[in-house]
């Protein structure tokens, strides 16, 4: 009984992180990785490579569920899917390789600065919601860039790729469905790359906590998506990400 209580206490912070991240992701269709990684690195002090590895393993389950759901509802653009798939996977492998071959204490502040910039971007997007629509042009380079930042920063595929395609003028329903479907293959690729470089030791407990929290929040996220204004949610998420990330930078360099 004591060991169970100890294990539960150890898992609780990760469950809370997974819950908060999935609640927002369910409402906005993005930001699970960014929020999870920001809290793991900036607040809980987890090394960047290990944090990104944990988040991507959990996302293998959450993105699989999301991708299947979008496939059933006909929300996937086949042409867009394949134009994003290979560049995204290549970028993910490169990002994982870069992150695992740099000293954690050196890269941590820069990862947090990247995450804070994503926070500012989401905040600005919320303030100027809805975005101006233009024709989508740069897709493959966007996939490569989004995949690299997602692995190196522990999140960013959704905020970077989805937002950019929407701003370029692509069909919102097809964008969200296709980007979510590609993300499943991206997370599998990134997870495999991290396991290859880091192994799987000291991973199961934290990953289980994130997964439990994410599964518990999934129904609430779906409810929030129907009841919260996207503009308000984006502003709140952008503010939280920016403040949390900058706090982590302060702790790392302060």
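Pairing the Cα long axis of helix 172-198 with the longest principal axis of the chain, what angle in degrees results, from 0 to 90 and rounded to the nearest 10?
Value to nearest ten degrees: 30.
Order 183-190, 69-76, 90-97 from most to least packed using the mean count of other Cβ atoms within 10 Å. Each step should come with its number before you reach the end.
Numbers: 183-190: 24.6, 69-76: 14.1, 90-97: 22.6.
Highest mean packing first, the order is 183-190, 90-97, 69-76.
Two decimals, Cα atoms only, Kirkwood Rh: what is Rg/Rh over the range 2-253?
Values: Rg = 16.9 Å, Rh = 17.8 Å.
Looking at the range 2-253, the ratio lands at 0.95.
So how do 25, 103 line up by other beta-carbon neighbours within 10 Å, fewest first? Numbers along the way, then the final one.
Values: 25 27, 103 8.
Taking fewest neighbouring Cβ atoms as first place, the list is 103, 25.
Quickly estimate the mean residue ellipticity at 222 nm for the chain, helices only: each DSSP H run with n ≥ 4 gives -39500 (n - 2.57), and the total goes over all residues, rounded to 500.
Working: 10 runs with 201 residues, N = 254.
When only DSSP H runs of four or more count, the value is -27500 deg cm²/dmol.
What angle, in degrees between 0 and 90 and rounded to the nearest 10, separates the Cα long axis of helix 48-72 from the longest principal axis of the Cα atoms of the chain?
Helix 48-72 and the main axis of the chain meet at about 40 degrees.
Compute the long axis of helix 204-227 from its Cα atoms, compare it with the longest principal axis of the Cα atoms of the chain, and write down the angle in degrees, 0 to 90, nearest 10.
40
Throughout, read-outs are computed from the coordinates displayed, never taken from laboratory work. Because the structure is predicted, anything quoted here is derived from the model rather than measured. Here the Cβ is made from the backbone with ideal geometry for all residues, glycine too, and neighbour counts use every protein chain on show.
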